[in-house]
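The values are calculated or read from the model by the stated rules, or taken from the named source; none is laboratory data. Being a predicted model, the structure only gives us computed values, none of them experimental. Don't worry about glycine lacking a Cβ; one is built from the backbone with ideal geometry, like all the others, and counts go over all protein chains shown. Just the protein is used for accessible areas: all its heavy atoms, side chains included, with ligands, DNA and RNA removed. Shrake-Rupley method; radii C 1.70, N 1.55, O 1.52, S 1.80 Å.
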Amino acid sequence: MFTIREMTAADRDTVMPMVLEFYQSPAVEHNVDASVLEKTFHDAADPGEPLLRGLLLEEDGVPAGYAYVTFCYSGEMGGRVVFFDEMYFRPACRGKGYGTEVFRWLKKEYPDYPRFRLEVTDANEKASSLYTRLGFRVLEYRQMVLDGALQDPKSK
């Protein structure tokens, strides 16, 4: 039986190896410092952190994977958005429909949120196929990020 429960600090030794596997997979296109991944786990397991929710995904009571869900407000949607940040399943637990179950569960948890959003790399074909089957569509935005200080364009 597949179940979903809140992640706790006691899950660290179970979750972190899966996080490290996720970050070495085609789902991620750049390196992330291990200390950042540790901090994210601790924030995800902290019930007082309002913007990040960690989920432990279990098959018959045995950890099968994890997911991180974040939240933001979208002006174009006029409301809060669920941003599905990460989902990982151990290889033996893939292809069993559990990913679909996670999204069904999330839709029940957040029925009034007008949009669910996620990122997927082109190399992560199986995940992309799942998301398409579930009804996700590609938005033609180019994502840009700024890590660190803002550069002064006049200084170039």
When every residue in the range 28-46 that is of a type in the set (Gly, Ala, Ser) and without any contact (Cβ under 8 Å) to a residue 24 or more places away in the chain is compared, the one most open to solvent (accessible area, probe 1.4 Å) is Ser35
Report whether or not Val120 is part of a helix (DSSP H, G or I), among the aliphatic types (A, V, I, L, M) and touching a residue at least 24 places away in the same chain (Cβ under 8 Å).
no
Matching residues in the range 9-25 (exposed (fewer than 14 other Cβ atoms within 10 Å of the Cβ) and not in a helix (DSSP H, G or I)) number 2
Leading residue by the ranking (least open to solvent (accessible area, probe 1.4 Å)) among those in the range 124-156 that are in a loop (DSSP other than H, G, I, E, B) and under 17 Å from Val28 (Cα atoms):
Asn124
Tally, over the range 123-156, of residues that are farther than 22 Å from Val102 by Cβ and not aliphatic (A, V, I, L, M):
12
Would the range 68-78 turn up any residue that is modelled with pLDDT of 95 or more and assigned to a helix (DSSP H, G or I)?
no
Qualifying residue in the range 98-111 (condition: in a loop (DSSP other than H, G, I, E, B), open to solvent by less than 60 Å² (accessible area, probe 1.4 Å), touching a Leu at 6+ places or on another chain (Cβ under 7 Å) and not aliphatic (A, V, I, L, M))
no
With the structure loaded, tell me whether Leu134 is closer than 19 Å to Cys72 by Cα, in contact with a Phe, Trp or Tyr (Cβ under 9 Å, 6 or more places away or on another chain) and of a type outside the set (S, T, N, Q) or whether it fails that test.
no
Flagged in the range 47-91 as in contact (Cβ under 8 Å) with a residue 12 or more places away in the chain, open to solvent by 50 Å² or more (accessible area, probe 1.4 Å) and under 16 Å from the mean Cα position of the chain (by Cα), in numbering order, are Pro50, Leu51, Cys72, Asp85, Arg90
